[in-house]
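What follows is a set of notes on a single structure, which appears directly below.
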Amino acid sequence: MQPNPNVAEAASLLGDSSRAAMLTALMDDRFHTATELAYMAGIQPQTASFHLSKLAKAEWVIVEKHGRHRYYRMAGKEIAEVLESFLSLSRPPEIRSFKQSSQMKALRSGRTCYDHLAGDLGVKLTRALLEADYIEKKEKEYTVTTRGESFFTDFGLNLTQLRKKRRVFSRACLDWSERQHHLAGALGSGLTVQLLNLEWIERVPASRAVNVTEAGFAGFEDVFGIQL
């Protein structure tokens, strides 16, 4: 039987370091211009546009045109999951500058993995939920306990609506920097949205990194017992 040629085509999209860098940047689940993505990948805007057109043709990114500008966003969570798997298998990048070192430190501390929380903060939060008996791990998924049903509702999450989404409700995602699992799926996404709404965390401009705010330091300790 002949192998599926589309597998090689998909693999080739990640075979270019510039495309891989832009895709990784798009794991923040936001729209970016080609200029912004070029800056993040360290390439010229014209080169970024060429690579983005290939990604759009393969339906890995979606494009929206507003006026003279085109905005790019990752096409779906499935692509982010594939990228996260590759990142967990890849060797760490070579640090060549203080700026790069600071950026990597920020990503390892806390970041978004598409639409859920990752990095040290994401792993610590997941561990706290497990220790509090709000969730239980069953192979590659997490289930919400009876105790957790009450907690998440009180914390402002509508579990009924989250369960209706056309995606896995709650799964274990392997964190590429921590080499441990963090909470993903609709539940992980809903929890991250709530943390942003509460202003416990805030996004770092032009990065997937997130910062913990002053309110967040107090909130994470009071609610989850996490000292940051």
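The values are calculated or read from the model by the stated rules, or taken from the named source; none is laboratory data. What you see is a predicted model; the values in this text were computed from it and never measured. Positions of Cβ are backbone-derived with ideal geometry, glycine not excepted, and every protein chain shown enters the neighbour counts. Ligands, DNA and RNA are stripped out before the accessible areas are found, and what is left, the full protein with its side chains, is counted by its heavy atoms. Shrake-Rupley method; radii C 1.70, N 1.55, O 1.52, S 1.80 Å.
Here are a few things to note about the model shown:
- Summing charges over neighbours of PHE169, with a neighbour being any other residue whose Cβ is under 10 Å away from its Cβ, gives +4 when K and R count +1 and D and E count -1.
- Listed by chain and number, the lysines whose alpha-carbon sits under 24 Å from that of LYS54, ignoring those within fewer than 8 places in the same chain, are LYS65, LYS77.
- Amide H contacts of THR33 (H built 1.01 Å from N, under 5 Å, at least 5 apart or other chain): TYR72
- In a simple Cβ point-charge model (Lys, Arg +1; Asp, Glu -1; nothing else charged), the chain has a dipole of about 740 debye relative to its Cα centre.
- Charge tally around GLU9: other residues with Cβ under 12 Å, Lys/Arg +1 each, Asp/Glu -1 each, net +1.
- Neighbourhood net charge (11 Å Cβ-Cβ; Lys/Arg +1, Asp/Glu -1) for ILE226: -2
- HIS69, HIS182, ranked by accessible area, largest first (probe 1.4 Å): HIS69, HIS182
- Potential extension, LYS54-SER88 segment - 0.36 nm per residue separation minus Cα distance: 9.8 nm
- Mean sequence separation of contacting Cα pairs (under 8 Å, at least six apart), scaled by the length of the chain, corresponds to a relative contact order of 17 percent.
- Sorting the segments 168-181, 54-67 by their mean number of nearby beta carbons within 10 angstrom, highest to lowest, gives 168-181, 54-67.
- Separation in nanometres of the label points that stand 7 Å from Cα toward Cβ, at LYS165 and SER17: 3.5
- Sequence-distant residues sharing a close amide H with TRP60 (under 5 Å, placed H): none
- Highest mobility in the GNM of the chain, judged by mean-square fluctuation with C-alpha springs under 10 Å and restricted to ALA80, ALA132, ALA25, is found for ALA132.
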